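K.L.:
My questions will all concern the structure given below.
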Amino acid sequence: MWGRRRGVDLVDTEEMDAFFDKLDRMSQVQLLALQVAWRSTSRQTHEDAWASVRAVSDREGLTEEIGRVRNRALAWATRGSNAAPWRGNADFGWLEVEGEAGGAIVDAAVAVALSGRLDAETRDVLMGPMTCAFELSD
């Protein structure tokens, strides 16, 4: 891809593909749990986690790549997937819930993309809502 540093591609990885595949298979209950769990994280805790993300980004020159990860996650949240049957029913209420879960989806996508570059506490904050949602079963 033109203009991108060679060797650094946070979006097109097996880990990110697996992450988005899991999103495609989320149930309504999991999506609601994701939204609720993300909103329950304190604003300061969330800001501290993103300060850590920015520090990694600045130190390793990954600002553009993190932007690409965020864009892909937001695109999923606003467009979703047709993989789950309930997403194809034109239920705009669920599309709204999916869109509102976008912050949690972005956080988790960045945590997956930065993987070992983040400290455990930051990764736990960013992945926490997603982990909670995936632990639920219908």
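K.L.:
With the condition kept exactly as written, say whether any residue in the stretch 119-135 is among the aromatic types (Phe, Trp, Tyr), within 29 Å of SER52 (Cα to Cα), at pLDDT below 90 and part of a helix (DSSP H, G or I). Can you show your working first?
P.N.:
Start the filter on the stretch 119-135 by keeping residues that are among the aromatic types (Phe, Trp, Tyr), which leaves 134.
Those left that are additionally within 29 Å of SER52 (Cα to Cα): 134.
Keeping just the survivors that are at pLDDT below 90 gives 134.
Now drop any that are not part of a helix (DSSP H, G or I), which leaves 134.
Yes: the stretch 119-135 contains one or more residues that are among the aromatic types (Phe, Trp, Tyr), within 29 Å of SER52 (Cα to Cα), at pLDDT below 90 and part of a helix (DSSP H, G or I).
K.L.:
Pull out all pairs, ordered by first then second residue, where Cβ-Cβ is under 6 Å, the residues are six or more apart or on different chains, the first lies in the stretch 7-27 and is closer than 15 Å to VAL106 by Cα, and the second is among the acidic types (Asp, Glu) and in a helix (DSSP H, G or I).
P.N.:
Pairs found: LEU10/GLU65.
K.L.:
Which numbered condition trips up ALA51, out of (1) in contact with a helix residue (DSSP H, G or I) (Cβ under 7 Å, 6 or more places away or on another chain); (2) modelled with pLDDT of 95 or more?
P.N.:
The one condition ALA51 does not meet is (1).
K.L.:
Moving to a separate point now. Checking SER115 against (1) more than 17 Å from VAL11 (Cβ to Cβ); (2) at pLDDT below 90; (3) surrounded by fewer than 17 Cβ atoms within 10 Å (Cβ to Cβ): exactly one of these is not met. Which one?
P.N.:
(1)
K.L.:
Out of GLY102, GLY3, GLY67, which single residue is surrounded by 12 or more Cβ atoms within 10 Å (Cβ to Cβ) and modelled with pLDDT under 90?
P.N.:
GLY102
K.L.:
If I filter the stretch 70-99 down to residues being basic (Lys, Arg) and over 20 Å from GLY128 (Cβ atoms), which single residue comes out as modelled with the highest pLDDT?
P.N.:
Going residue by residue through the stretch 70-99, those that are basic (Lys, Arg) are 70, 72, 79, 87.
This time we only want the ones that are over 20 Å from GLY128 (Cβ atoms), so: 72, 79, 87.
Values: ARG72: 91, ARG79: 73, ARG87: 48.
Among residues in the stretch 70-99 that are basic (Lys, Arg) and over 20 Å from GLY128 (Cβ atoms), the one modelled with the highest pLDDT is ARG72.
The values are calculated or read from the model by the stated rules, or taken from the named source; none is laboratory data. Since we're looking at a predicted model, the values are computed, not measured. Positions of Cβ are generated from backbone atoms using ideal geometry, with glycine treated the same way; all protein chains shown enter the neighbour counts.
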